[in-house]
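What follows is calculated from the coordinates using simple rules that are stated; it is not laboratory data. In this text the structure is predicted, and so the values were computed from the model without any measurement. No Cβ is skipped: glycine too gets one built from the backbone with ideal geometry, and neighbour counts run over all protein chains shown.
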Amino acid sequence: MTKELAMRYGPAAAALSLVFAVQASISLAQTSYTPDPRAASLVAEGRAAMETGDTQAAVDAFEAALAVDPGYTQVYLDLADAARAEGLPGRAVHFYREAQERDPDNLAAITGEGEALVQKGAMAAARDNLERLETLCGATCTETVTLAAAIDRGPPVMTAEMVDPADGVTQN
């Protein structure tokens, strides 16, 4: 009798326990992340430095925050923004991708990466980010509109400066 009950209800009990285990892991994964207060303080310090235009001090503060709390995804976005401010879009792309590894649907990271790709002239990759944003949040969300505008503007145009020969230019 017990063998018959086990055979009859065993698979259903196993499936039900699997459902509960998956549900528990999903709810555990969705808990909000609270950054280390020291890291949050360093991030605030870095943002203040960014506002004053001191990108190197900002980078130092953000890297220190990352050392204190490596799981703080926002720090990667701040480092990426600082890299873009310094004119280093390749480095910015690296940090935006680090943020996306930790949070794959982070709209700010996808948008920032797309804008940095435009800066680099990688328009096809930027359009891929735009398509991803449209899938995640629609064609009218702020992030999608921002990246579409950056793509429409295109990469920055580099120009050569005229040099006056009177400035002491010599030929090799």
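Taking GluC sites (Glu not before Pro) across the range 100-141, none is in a DSSP loop with at most 16 further Cβ atoms lying within 10 angstrom of its Cβ. The charge dipole of the range 37-153, taken about its Cα centre with unit charges on the Cβ atoms of Lys, Arg (+1), Asp and Glu (-1) only, comes to about 180 debye.
Shape class of the range 51-127 from the Cα gyration tensor (axes a ≥ b ≥ c, square roots of the eigenvalues): oblate, since a/c reaches 1.5 or more and a/b does not exceed b/c.
Order these peptides, 79-86, 118-125, 62-69, by their mean beta-carbon neighbour count within 10 angstrom, highest first.
Values: 79-86: 21.5, 118-125: 16.1, 62-69: 19.6.
The peptides rank, most packed first, as 79-86, 62-69, 118-125.
Where the centroid of each part is defined by its Cα atoms, how far is the range 59-117 from the range 38-54 in Å? The distance from the Cα centre of the range 59-117 to that of the range 38-54 comes to 14 Å.
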